[in-house]
Amino acid sequence: MQYDHRATERKWQDYWRERGLFKAARHPKKKFYNLVMFAYPSGDIHMGHCKNYVIGDVYARYKMRRGYDVLHPFGWDAFGLPAENQAIKIGTHPEKWTLENIRISDESLKSLGIGYDWDREIITCLPEYYKWTQWMFLLFYKMGLAYKREAYVNWCPGCQTVLANEQVIDGSCYRSNCHAVIEKRKLNQWFFRITEYAERLLEGLDRLDGWPENVKAMQRNWIGRSEGCDIVFKVAGRDIEFKVFTTRPDTVYGVTFMSVAPEHPAVEELVKGTRFEPDVRQYVQAATKRTERERIEKDKDGVATGCHAVNPLNGERVPIFVADYVLPEYGSGVVMGVPAHDARDFQFARRYNLPVRVVINPPGAALSAESLTEAYEEPGIMVASDEFTALDTAAGIAAVSRMLAERELGGPSVHYRLKDWLISRQRYWGAPIPIVYCDICGMVPVPEQDLPVELPNETTDFIPKGRSPLAAVRDFINTTCPKCGGMAMRDPDTMDTFVCSSWYFLRYLDAHNDKEFCTRENADRWLPIDQYIGGGSEHATGHLIYFRFFTKVLFEAGYIPVDEPALHVFDLGMVLKDGEVMSKSKGNTVPAGQFVQEHGADVARLTILFAAPPEREMEWSDEGVTGAERFMQRLYRLVTENHDKAGAGVPSRITGDNEALYIKINQTVAKVTHDLESFKYNTAIAALWELLNALYVTERRDDVFHYGLRAVIDLLSPFAPHLADELWSLGGGQGSLLEQAWLEHDERYTESRSRTIVIQVNGRVRSHLEVVGTMPEGEVKKMALDDERVNRHVAGKIIKKMIYVPDKLLNIVV
């Protein structure tokens, strides 16, 4: 009898929906917030996407059966460049393209039996969602965390928009379909002041015991906390000063030049009207076109400004250069050049014949500037450093920092690698920034009651031209000032889509509330996220740091009860096909809807779950599909042949004949339960396969055998829920297994009761005895002497003694 997956899956999906089994409780008694990262709607989802959703669904179903009130929602990260670019390509509106993709993908997810609370579905491109994204912007603005300034920004010539630092990977655009080399442009842009929360973001990592260590390490590195010292260098004859951050203030007497980043705002003022201005402008123009990697890896060069800085401790004047090995993202964008003790400065000084002055000697040795072939960067003893001479590095750092603080010329300081988050985007398909500009009132936030500021649907020209397409839409851009009622203009830019995804997990808690993004009562009921599932490493310094930032801001403002969004994060491996990551651009996808129609939802689920541990990459293969189908057909056949007993309860009597099978059943229950808790889904399914094999070869079809069938069906339910519910029903079970408590194992029967006792004669192994349970010593000795192999070595000899180690060994001394 063949299993009809289409009829079965339709039947049970209808049952789950009609009974509302996945609707979250309004007032949870034992809450569990299970969340998978929401999806970008780029067409029908494929099996590469489905791994995330299937793994999340398995965990949600398991937790439901453990008695939790589970919240398992889903939604769509629907704004962004891919939709806009595709709309341009095929000549349609991005909203139409996006919503159609969502409709198709919704159907595919439902066909897989994914148990979402669909009443809470969110779509970030709809006004009822981005109204609250704009509200978040206004909250940040009120708290002084949103500001606009002119700055050099990362410009992607392919996408024709700016990118945040976190979206630049090795000097190129982060988008897989772009990878254009990033340029630097000076633009007036909106930023979120994430640096204000740098220490809190760092400190919070120590409390995230349930997060992957590699993700936490990546965030620590990205935040980049450095303890050191600020030193103020004044520019000779000018009303300009540079605050330089260094971790080695003990080398300050070795400064022989200063290097300033080409993007530094003071560069123009340094050279304006001087003979150095043309050369500096030309250098800056060329430097800002190079990628960060090129600037770091190429030979160190620069251009003189004709200005000098004054060393605050010895009063020496040193030349100031503009040099592109100095990056604006690090420190203050100014470096004190200490060529004897910094490799980059040494290379620069040798190129331009600048002095090299040794001020740190290795312990017990003396360096000569003339003979140096490379910088000495290790700790040592200060020399040629006035009253600090003879101090070791640690004492010197403390003493120099203290003197600078006393003279108000710097002092101990902490700096971070993290920079403020640039959120302006010069594209149409995003949440409009809710700010207007009035000639009388200046910059004015849109009042909350006027939200949302909606995108104009009549826009048809989305082609990027280096500025937002919204700037050309008169009916949108022209407005009235909320303060004075006069003529005003809207901000033409839209927000980075990461803003939408930084708070989406909160909207699920109150998805239809048009008065608040989420009531405090609902936040108190459900937060924090208990389990967050998705590509953790991929998002470590993007989404996962942004949504921690938003959580801390909203906690500080009193809107939510937690300052960290998720207790546990599970990092998934990618799905490969033919050795490459499954993606539409590579043409190696397996569309979910089509696959389910042909093979069935449970085959798709088992193929994904069994192929590899969830955190590892998996190769999608036809062999995996065939294996899943074979397993399901074998189980279906065995149950239908014995369906009248497949719902059997715990057997009342265990005998020597059926004890081994009963132990196997309980071991499987214990293992599958453990593996479900720890996301070892592949080994859980392997254990079920082993139990099924054991049932197939069992000759005695008694109560233990029938309980074994029941156990396989019961334990299979999170992994292949349609088949499990169907077999449960065939065995006389009522309703769905989702409505049943999870199967528990019998602790008394989780270890095999058979023992192997080694039999030795004069210390040499001669045989083995297989016994069940604990056997009296006398009986063990009798069985040993009756053993034919032992008898050959003791016959006709005098047994001097027998040494017995209970349940392990018997040594016969003859």
Which of the residues that make up the stretch 506-537 are open to solvent by 10 Å² or more (accessible area, probe 1.4 Å) and of a type in the set (A, V, I, L, M)?
ALA511, LEU527
Which residues, taken from the stretch 692-745, are within 16 Å of ARG634 (Cβ to Cβ), free of Cβ contacts under 8 Å to residues at least 40 places away in the same chain and in a loop (DSSP other than H, G, I, E, B)?
VAL697, THR698
Please work out which one of (1) open to solvent by less than 20 Å² (accessible area, probe 1.4 Å); (2) polar (S, T, N, Q); (3) at pLDDT below 95 is the condition SER259 fails and give its number.
(3)
GLN285 versus (1) surrounded by 15 or more Cβ atoms within 10 Å (Cβ to Cβ); (2) under 30 Å from ILE194 (Cα atoms): which is the lone unmet condition?
(1)
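For the stretch 646-683, how many residues are small (Gly, Ala, Ser), closer than 30 Å to LEU572 by Cα and without any contact (Cβ under 8 Å) to a residue 60 or more places away in the chain?
Narrowing the stretch 646-683 to residues small (Gly, Ala, Ser): 646-649, 652, 656, 660, 670, 678.
Still in the running and closer than 30 Å to LEU572 by Cα: 670, 678.
Within this subset, residues satisfying the condition of being without any contact (Cβ under 8 Å) to a residue 60 or more places away in the chain are 678.
Residues in the stretch 646-683 being small (Gly, Ala, Ser), closer than 30 Å to LEU572 by Cα and without any contact (Cβ under 8 Å) to a residue 60 or more places away in the chain: 1 in total.
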Would you pick out the residues in the stretch 1-60 that are of a type in the set (A, V, I, L, M, F, W, C) and out of contact with any strand residue (DSSP E or B) (no Cβ under 9 Å at 6 or more places or on another chain)?
MET1, ALA7, TRP12, TRP16, LEU21, VAL54, VAL58
Using beta carbons and a limit of 7 Å, which pairs, at least six apart or on different chains, have the first residue in the stretch 437-454 and outside the structural domain of GLY486 (by TED's automatic domain parsing) and the second one hydroxyl-bearing (Ser, Thr, Tyr)?
none
Tell me, which residue of the stretch 189-214 that is farther than 13 Å from VAL569 by Cβ and acidic (Asp, Glu) is surrounded by the fewest Cβ atoms within 10 Å (Cβ to Cβ)?
ASP206
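Name the one entry in THR774, THR756 that is part of a strand (DSSP E or B), hydroxyl-bearing (Ser, Thr, Tyr) and touching a residue at least 12 places away in the same chain (Cβ under 8 Å). Spell out the reasoning first.
Values: THR774 fails: part of a strand (DSSP E or B).
Answer to the selection: THR756.
Looking only at the stretch 147-182, count every residue that is touching a Pro at 6+ places or on another chain (Cβ under 6 Å) and either on the phi < 0 side of the Ramachandran plot or without any contact (Cβ under 8 Å) to a residue 40 or more places away in the chain (or both) and tell me the total. Write out each step before concluding.
Filtering the stretch 147-182 down to residues touching a Pro at 6+ places or on another chain (Cβ under 6 Å) leaves 160, 180.
From what's left, either on the phi < 0 side of the Ramachandran plot or without any contact (Cβ under 8 Å) to a residue 40 or more places away in the chain (or both): 180.
So the answer is 1.
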Criterion: without any contact (Cβ under 8 Å) to a residue 24 or more places away in the chain and of a type in the set (D, E, K, R) - qualifying residue of ARG26, ARG19
ARG26
Failed item in (1) buried (at least 18 other Cβ atoms within 10 Å of the Cβ); (2) without any contact (Cβ under 8 Å) to a residue 24 or more places away in the chain, with VAL338 passing the rest:
(2)
Given the structure, is GLU516 free of Cβ contacts under 8 Å to residues at least 24 places away in the same chain and assigned to a helix (DSSP H, G or I)?
no
Condition test on ARG653, is it exposed (fewer than 15 other Cβ atoms within 10 Å of the Cβ), part of a loop (DSSP other than H, G, I, E, B) and under 40 Å from the mean Cα position of the chain (by Cα)?
no
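Which residue is farthest from PRO28 (Cα to Cα), if the candidates are limited to the stretch 87-103 and must be open to solvent by 10 Å² or more (accessible area, probe 1.4 Å) and in contact (Cβ under 8 Å) with a residue 12 or more places away in the chain?
The initial filter retains those residues of the stretch 87-103 that are open to solvent by 10 Å² or more (accessible area, probe 1.4 Å), namely 88-93, 95-97, 99-101, 103.
Still in the running and in contact (Cβ under 8 Å) with a residue 12 or more places away in the chain: 88, 93, 95, 97, 99, 101.
Numbers: ILE88: 46, HIS93: 41, GLU95: 36, TRP97: 37, LEU99: 32, ASN101: 33 Å.
Going through the qualifying residues, I end up with ILE88.
Could you say which residue among ALA540, ALA592, ALA557, ALA604 is closer than 30 Å to GLY224 by Cβ and either open to solvent by less than 10 Å² (accessible area, probe 1.4 Å) or touching a Gly at 6+ places or on another chain (Cβ under 6 Å) (or both)? Break it down into steps so the answer makes sense when it comes.
On the way: ALA592 fails: closer than 30 Å to GLY224 by Cβ; ALA557 fails: either open to solvent by less than 10 Å² (accessible area, probe 1.4 Å) or touching a Gly at 6+ places or on another chain (Cβ under 6 Å) (or both); ALA604 fails: closer than 30 Å to GLY224 by Cβ.
ALA540 is the lone residue from the list that is closer than 30 Å to GLY224 by Cβ and either open to solvent by less than 10 Å² (accessible area, probe 1.4 Å) or touching a Gly at 6+ places or on another chain (Cβ under 6 Å) (or both).
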Select from the stretch 13-36 the residues that are closer than 23 Å to VAL603 by Cα and out of contact with any Ser or Thr (no Cβ under 7 Å at 6 or more places or on another chain) and write down the one among them that is surrounded by the most Cβ atoms within 10 Å (Cβ to Cβ).
VAL36
Of everything in the stretch 784-814, what is open to solvent by 50 Å² or more (accessible area, probe 1.4 Å) and not hydrophobic (A, V, I, L, M, F, W, C)? Give them in sequence order.
ASP786, GLU788, ARG789, ASN791, ARG792, HIS793, GLY796, LYS797, LYS800, LYS801, PRO806, LYS808
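When you go through PHE276, PHE233 one by one, which is the residue that is in contact (Cβ under 8 Å) with a residue 12 or more places away in the chain and closer than 27 Å to PRO379 by Cβ?
On the way: PHE276 fails: closer than 27 Å to PRO379 by Cβ.
Answer to the selection: PHE233.
Going through GLU370, GLU292 one at a time, which residue ends up being under 41 Å from the mean Cα position of the chain (by Cα) and open to solvent by 60 Å² or more (accessible area, probe 1.4 Å)? Steps first, please.
Numbers: GLU370 fails: under 41 Å from the mean Cα position of the chain (by Cα).
Testing whether each residue is under 41 Å from the mean Cα position of the chain (by Cα) and open to solvent by 60 Å² or more (accessible area, probe 1.4 Å) leaves just GLU292.
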May I ask you to verify whether ARG605 is more than 30 Å from ILE423 (Cα to Cα), among the basic types (Lys, Arg), without any contact (Cβ under 8 Å) to a residue 60 or more places away in the chain and not assigned by TED's automatic domain parsing to the domain that holds ASP106?
no
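The values are calculated or read from the model by the stated rules, or taken from the named source; none is laboratory data. In this text, all values refer to a predicted model and were calculated from it rather than measured experimentally. When we count neighbours, we look across all protein chains shown, and the Cβ atoms used for this are built from the backbone with ideal geometry, even at glycine. The area values use the complete protein model at the heavy-atom level, side chains included, leaving out ligands, DNA and RNA. Shrake-Rupley method; radii C 1.70, N 1.55, O 1.52, S 1.80 Å.
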